[in-house]
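A short worksheet on the structure shown next.
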Amino acid sequence: MNSTRTSAPEYEHAPTIIGLGLQDAGEILTLQRAAYITEATAHSDFGLPPLTQTLVELQEELSDPAVTARGISERGRLIAAMRLRHKGDAVELGRLIVAPDRQGQGLGTLLLRHAEAVFPDAREIRLFTGEHSAANIRLYERLGYREAGRTTAGSYQLVHFTKPLTRAGRRRAS
């Protein structure tokens with residue numbers, strides 16, 4: 001596991017962001033399912049891909065060289081994680097997850113800021129969330145993400161966000 005120290009003003013002693021890999025797949029999947037129950041409830045959609053993804057599918061995703069997984073562990077428990085996919089000059093951030101009992105404590109912010117610094121050659125970061133995910137939308141907007149469009153997903157919309165990455169922004173985030 002690779003450790004990178006990233007600080008955030010929400011923490012006196014910032015947690016360490018670690019690299020995650022195949023050996024962490026089971027713990028990532030457990031955290032993912034726990035974190036996405038809130039999303040599924042808000043959108044009345046319990047068939048969300050994060051809830052239906054299998055361990056084998058997650059292992060395949062983590063084996064992809066274009067995918068980088070990072071997380072935060074506390075006392076041996078994975079409490080937050082995300083996956084990044086480097087595509088050309090953009091980074092696609094997916095599955096930003098925080099344990100339900102740790103949400104609202106700045107862990108998502110810490111991971112987002114870290115994500116902006118992972119690929120120095122990237123010019124843009126992209127992500128999406130469901131339209132009923134008010135806390136996620138507030139977080140993304142507060143950190144400078146702008147709505148780039150919406151797509152239909154059943155009875156609700158997915159809100160797509162982008163944020164340009166500048167060299168100065170990446171230095172601040174690291």
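Within the range 32-44, track down each residue that is farther than 18 Å from Gly71 by Cβ and within 15 Å of the chain's Cα centre (by Cα).
Glu39 - this is the single residue of the range 32-44 that is farther than 18 Å from Gly71 by Cβ and within 15 Å of the chain's Cα centre (by Cα).
Quick one: Gly47 ticks every box in (1) within 10 Å of the chain's Cα centre (by Cα); (2) more than 19 Å from Gly19 (Cβ to Cβ); (3) not basic (Lys, Arg) except a single one, so which number is it?
(1)
Out of Arg77, Arg83, report the one residue that is of a type in the set (D, E, K, R) and open to solvent by 30 Å² or more (accessible area, probe 1.4 Å).
Only one candidate qualifies: Arg77.
Among the residues of the range 140-155, is any assigned to a helix (DSSP H, G or I), surrounded by fewer than 19 Cβ atoms within 10 Å (Cβ to Cβ) and in contact with a strand residue (DSSP E or B) (Cβ under 9 Å, 6 or more places away or on another chain)?
Within the range 140-155, one or more residues are assigned to a helix (DSSP H, G or I), surrounded by fewer than 19 Cβ atoms within 10 Å (Cβ to Cβ) and in contact with a strand residue (DSSP E or B) (Cβ under 9 Å, 6 or more places away or on another chain).
Please go through the range 31-77 and pick out each residue that is under 16 Å from Gln103 (Cα atoms) and among the charged types (D, E, K, R).
Those that are under 16 Å from Gln103 (Cα atoms) and among the charged types (D, E, K, R): Arg33, Glu39, Glu74, Arg77.
Among the helices (runs of 4 or more DSSP H) confined wholly to the range 6-65, which include 3 or more residues that are open to solvent by less than 70 Å² (accessible area, probe 1.4 Å) and modelled with pLDDT of 95 or more?
Of the helices (runs of 4 or more DSSP H) lying wholly inside the range 6-65, those with at least 3 residues that are open to solvent by less than 70 Å² (accessible area, probe 1.4 Å) and modelled with pLDDT of 95 or more span 25-43, 55-63.
Going through the range 156-166 one residue at a time, which ones are crowded, with 20+ Cβ neighbours inside 10 Å, without any contact (Cβ under 8 Å) to a residue 60 or more places away in the chain and under 16 Å from Gly88 (Cα atoms)?
Once the filter is applied, which keeps residues that are crowded, with 20+ Cβ neighbours inside 10 Å, without any contact (Cβ under 8 Å) to a residue 60 or more places away in the chain and under 16 Å from Gly88 (Cα atoms), the range 156-166 yields only Lys163.
Identify, by number, the condition in (1) under 20 Å from Glu61 (Cβ atoms); (2) open to solvent by 70 Å² or more (accessible area, probe 1.4 Å); (3) touching a strand residue (DSSP E or B) at 6+ places or on another chain (Cβ under 6 Å) that Gly94 doesn't meet.
Single failed check for Gly94: (2).
How many residues are in a strand (DSSP E or B) and open to solvent by less than 50 Å² (accessible area, probe 1.4 Å) if we restrict to the range 117-139?
4
The values are calculated or read from the model by the stated rules, or taken from the named source; none is laboratory data. On a predicted model such as this, the values are computed, not experimentally measured, just so you know. Every residue, glycine among them, receives a Cβ derived from its backbone with ideal geometry; neighbour counts consider all protein chains shown. Note: areas computed on protein heavy atoms with side chains; ligands, DNA, RNA excluded. Shrake-Rupley method; radii C 1.70, N 1.55, O 1.52, S 1.80 Å.
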